[in-house]
1. When Cβ neighbours within 10 Å are restricted to other protein chains, what is their mean count per residue of peptide B:163-170?
2. Could you give the length gained on full extension between B:K102 and B:R136, defined as 0.36 nm per residue of separation minus the Cα-Cα distance, in nm?
3. Lys and Arg at +1, Asp and Glu at -1: add these up for the other residues within a Cβ distance under 14 Å of B:E184 and post the number.
4. Any of B:K77/B:K208; B:K134/B:K231; A:K73/B:K60; B:K77/B:K108; A:K44/B:K218 with alpha carbons more than 19 Å apart? Name them for me.
5. I'd like to know which of A:M18, A:N2, A:T46 lies farthest towards the positive end of the charge dipole of chain A, counting +1 on Cβ of Lys and Arg and -1 on Cβ of Asp and Glu.
6. Using the per-residue mean of other Cβ atoms lying within 10 Å as a proxy for protection, in what order, highest first, do the peptides B:162-170, B:53-61 fall?
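Read-outs: derived from the displayed coordinates by stated rules, not from any lab. Quick caveat: nothing in here was measured; it's all calculated off a predicted structure. In this analysis, Cβ positions are derived from the backbone assuming ideal geometry, glycine residues included, and neighbour counts consider all displayed protein chains.
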Amino acid sequence: MNCQSATREISNYIDGDMDAGLRHDLEVHLHGCQHCTVVLNQVKMTVELFCDEEPVELPGDVRSRLYDALQKKLGAK
Amino acid sequence: MLCATFMSEQNGKGPMARAAGARARLAGEPLADALSTSNPHRIPSTVAKEDEHLLVAAAKGGDLSAFNELVSRYERKIFRLTMNITRNREDAEDAMQDAFLKSYAHLKDFAGDSRFYTWLVRIAANEALMRLRKRRPNQFSLDEPIPGENEDLIPQDIQDWGPSPEQRYGQTEMHEILNGAIDELSPDFRTAFVLRDVEQLSTEETAKILGISVPAVKSRLLRARLKLRDKLGRYFRQGEVH
């Protein structure tokens, strides 16, 4: 496996979505390739940062309009 | 699952009994009070997610205060989702409102074979995508050819990010960095990334919502992740603090 093929598989590797043979080939490549190992770790970290981020509070005016709409449309039933 | 902390966000800290008691107190209150804009969090929003099915069942039976609790529990995440997809505050707000209204209107169709939140995400994503496609009809493709084997994807910039970028930036700063990075993605890449990696939907589910094939989702996801890595690298390179 070369760096091009390894890069194509990084995403599937992170998701655990690849067969055992391909995973083995990728891991052999990663073992000998610092470049792809760094990329893999940074892509993993990227996904984790987005995944871990807490959603911010709803802006006050947005929340007010949301509850006004719910009150108006559901309350009218 | 890569992000082990994902589902823990909704894990409750308060005992079930306290939540049930709070709901019982609220149940007899008039709708206007239950849906009050001045105090939408009458019930602690950190109640255990295990009680979600009770709230859904009550809402199905017409209990608006139970539905209100579901709204207050998920409003932040749903607004983040619609903002992430549309990148337009007005559209995101409309999509969120319509998602909650439609979810209430169609609660009887919710079979309970998935979490209510996952069902809500599908509705909200569709609302947001509809607005995105309307606003940017030429920037959003329904499907795309899978890139050829010769397409060069190998990242060039692989400088060390140094230890724990999340410890080098405050929460607000990190939010701005991530928000700025995702904003630079094309709609095709952004929507695939948001549904898969932020909302943790399956590849199949993401494909269904986006109306594209599973290989196309994987292709977009790979490219989105590589592009985001590249964009974040501008901030996280060792020794550089912006």
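1. Details: counts 0, 1, 4, 5, 0, 0, 1, 0.
Mean number of neighbouring Cβ atoms from other chains: 1.
2. Working: separation 34, 0.36 × 34 = 12.24 nm, distance 2.37 nm.
Contour length minus Cα-Cα distance gives 9.9 nm.
3. On the way: positive: B:R87, B:R190, B:R223, B:R225, B:K227, B:R229, B:K231, B:R234; negative: B:E176, B:D183, B:D188, B:D230.
Net charge in that neighbourhood comes out at +4.
4. Numbers: B:K77/B:K208 21 Å; B:K134/B:K231 28 Å; A:K73/B:K60 16 Å; B:K77/B:K108 23 Å; A:K44/B:K218 15 Å.
Pairs exceeding the cut-off: B:K77/B:K208; B:K134/B:K231; B:K77/B:K108.
5. A:T46
6. Details: B:162-170: 13.6, B:53-61: 16.4.
In descending order of packing, they fall as B:53-61, B:162-170.
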